[in-house]
Structure formats: structure tokens, C-alpha cells
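A short write-up of the structure that comes next.
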Amino acid sequence: MIKPYLSVESFYRSNQYVFAMDDELMTVGMMNEIRYEIGTDLDLNKFNTFTLGLMYRDFKTARQNNMILNVAYAHTFHKNKKK
């Protein structure tokens with residue numbers, strides 16, 4: 001079964017401060033970021049899942065934004081339950 005997904009996450013840390021240095025405002029302690037992700041989960045069987053997605057990390061600071069390719073595999077271990 002194919003299960004597409006769309007995700008938006010926002011990260012904000014409040015213990016930040018701003019100061020002026022050489023006619024420029026500097027921020028310290030800041031971690032403002034929004035992550036946009038689109039992808040799909042592919043269930044190979046009831047124990048195995050393959051995930052393929054693309055994430056865009058939009059940093060609201062001076063840090064450069066970037067694109068991330070997400071490739072993942074998950075295996076679920078089940079116990080045999082006696083009835």
C-alpha cells in the first residue's frame with residue numbers, strides 16, 4: 001500500500017537575544033526553522049516499510065537553507081501471541 005504524506009514543522013527557541021555589531025544586528029541563541037516535507041511510505045508487507053521523501057529546511061536566520069532527500073527502511077518485529 002502506498003501512503004503519501006505532507007508535513008510542515010516549525011521550530012522556535014525563545015531564549016534568543018539580538019545585539020548590534022559594526023552596524024549589523026546579530027542574533028545569538030536563535031533556532032528558527034520551518035521544515036516542509038513531501039513523500040510516500042510504501043508498505044512492502046506487514047513487517048517492512050520503505051519511505052522516500054524530500055524535505056526543504058527554511059532557516060529564518062543567516063544560515064543557508066537546504067534540501068534533504070529522505071530514504072528510510074523500517075522493519076517491525078512482532079511477538080507471536082498465544083491465544
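Quick rundown of the values:
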read-out	value
Residues that are surrounded by 10 or more Cβ atoms within 10 Å (Cβ to Cβ), at pLDDT 80 or above and of a type in the set (A, V, I, L, M, F, W, C), drawn from the range 9-21	PHE11
Filter result for the condition that a residue is modelled with pLDDT under 90, surrounded by 12 or more Cβ atoms within 10 Å (Cβ to Cβ) and over 13 Å from the mean Cα position of the chain (by Cα), over ASN32, ASN48, ASN80	ASN32
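The values are calculated or read from the model by the stated rules, or taken from the named source; none is laboratory data. It should be emphasised that the depicted structure is a prediction, and the values quoted were computed from it without experimental measurement. Cβ atoms come from the backbone with ideal geometry, glycine included; neighbour counts cover every protein chain shown.
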